[in-house]
Amino acid sequence: MSHEVVPNIELTPIVEVVAAVILQPDGQFLLTQRPKGKLYSGYWEFPGGKVETGESLLYALERELWEELGIHIRYAHPWISRVFTYAHATVRLHFFRVVDWEGNLTPREMQAVCWQIPNQIEVSPILPANGPILQALLLPPLYAITHASEIGIELALQQIEHALQNGLRLLQIREKQMERDKLREFVERVLAFARPYQAKVLINSDIELARETRADGVHFTSSQLMSISRQTDLGYGLGSASCHNAEELYTAEQLGLDFVVLGPVQSTLSHPGLPPLGWRKFASLIRGYSLPVYALGGMSSRDLVIAQEMGAQGIATMRGIA
Ligand SMILES: Nc1nc2c([nH]c(=O)n2[C@H]2C[C@H](O)[C@@H](COP(=O)(O)OP(=O)(O)OP(=O)(O)O)O2)c(=O)[nH]1
């Protein structure tokens, strides 16, 4: 007879929480202040609360928004999730973006509420778990990728300028075929166009070039991603990466990148050898994921709605510039 010693491990249950990022068409979002008597009273948070036994996440969100603000959700989609350990509990926060609702939005628990603009937040303190969510709110729905080597530099620049005028705010320069000096000049010209719009420009693969040109960050290929061992290796501005599977997604999360692209969702001419994931697999790979994800592969603006319904931040596309 064996006398196995069972270690006395205290498992702390994770508290499931839903939180609503209620968005107006101009990008303003709602924060509410935790009332007196609650833990972290006075801190600002997204409306929401604990999921009760037997509830789906969406049902819990609907209940919380009705109880706290007297509104019913018309249209919401899942967004990012994150686990955070407070002294009192470990919580798994499931954030949803609520883009349409009905009812007269009124605080029903005497809590203060305010609408905020993502890059000009005026209230504090905000619950500490929410920092990355505020960062993610700064990311636009479209991540455009250049293809100047294919269409020619002058046409690419014209298209970029036009896209910036039409609201493009995030761009990756991906010119694998371009010779370094030419690429550097191209990057500088793109940056000069992008600056007045405060659009962010990331450079594919080349940290040095990003530093030299003072670009806004680096986009890592999936093979680079798997060879970077520490966060400090990134060392520069925004970091994003291309992912194709759960392992790469996990690595990007561990490295603390700012966002990822995941694909190909549909078959695409630029990656003919890779089998497409399809939306169902895409959604299951990013369920519960903590970084914002752009869907890549055969995307056009028509796919934005479905991408966001699947939990994505938005879409990434080479055609986004044209
Ligand atoms: N609602 C909400 N909770 C958040 C956010 N960020 C964050 O870390 N949390 C944490 C704080 C709490 O530990 C937990 C939510 O628990 P809670 O006590 O507010 O939940 P509840 O509204 O169901 O309140 P109660 O009935 O249990 O008093 O999630 C956020 O943005 N919104």
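We did not get these values from a lab; they are worked out from the coordinates using the rules stated. What you see is a predicted model, and the numbers here were worked out from it, not measured in a lab. As a convention, Cβ positions derive from the backbone with ideal geometry for all residues, glycine included, and neighbour counts pool all protein chains shown.
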Less than 18 Å apart at the alpha-carbon level, and either on another chain or at least 8 residues along: which aspartates and glutamates does that give for residue 281? 247, 248, 303, 309
Percent antiparallel among DSSP beta bridges confined to the chain, rounded to 5, stands at 40 percent
Final fewest-first order of 294, 43 on the 10 Å Cβ neighbour count is 43, 294
Point-to-point label distance, residue 154-residue 87, nm (Cα→Cβ direction, 7 Å offset): 6.6 nm
What order do you get for 142-148, 72-78 when each peptide is scored by the mean count of other beta carbon atoms within 10 Å, highest first? 142-148, 72-78
Cα gyration tensor category, rounded, prolate or oblate, for segment 14-130 with a/c compared to 1.5: rounded
Proximal aspartates and glutamates to residue 50, defined as alpha-carbon separation beneath 14 angstrom and excluding residues fewer than eight positions away on the same chain: 16, 62, 64, 67, 68
Asserting the computed 222 nm helical MRE of the chain (DSSP H runs at least 4 long, -39500 (n - 2.57) per run, divided by residue count, to nearest 500) equals -7500 deg cm²/dmol
The helix 57-69 Cα axis meets the longest alpha-carbon principal axis of the chain at an angle in degrees, between 0 and 90 and rounded to 10, of 70 degrees
Going Cα to Cα from residue 182, which lysines come in below 28 Å? Please leave out same-chain ones fewer than 8 positions away. 200
What angle, in degrees between 0 and 90 and rounded to the nearest 10, separates the Cα long axis of helix 180-194 from the longest principal axis of the Cα atoms of the chain? 50 degrees
Can you sort 244, 271, 219, 88 so the residue with the fewest Cβ neighbours within 10 Å comes first? 88, 271, 244, 219
Square roots of five times the Cα gyration tensor eigenvalues for the chain, Å: 37, 25, 19
Kindly put 310, 299, 226 in sequence by how many other C-beta atoms sit within 10 Å of each C-beta, fewest to most. 226, 310, 299
Could you order the peptides 106-112, 190-196 from most to least packed, using the average number of other C-beta atoms within 10 Å per residue? 190-196, 106-112
Quick one: work out the % antiparallel among DSSP beta bridges in segment 1-156, nearest 5. 70 percent
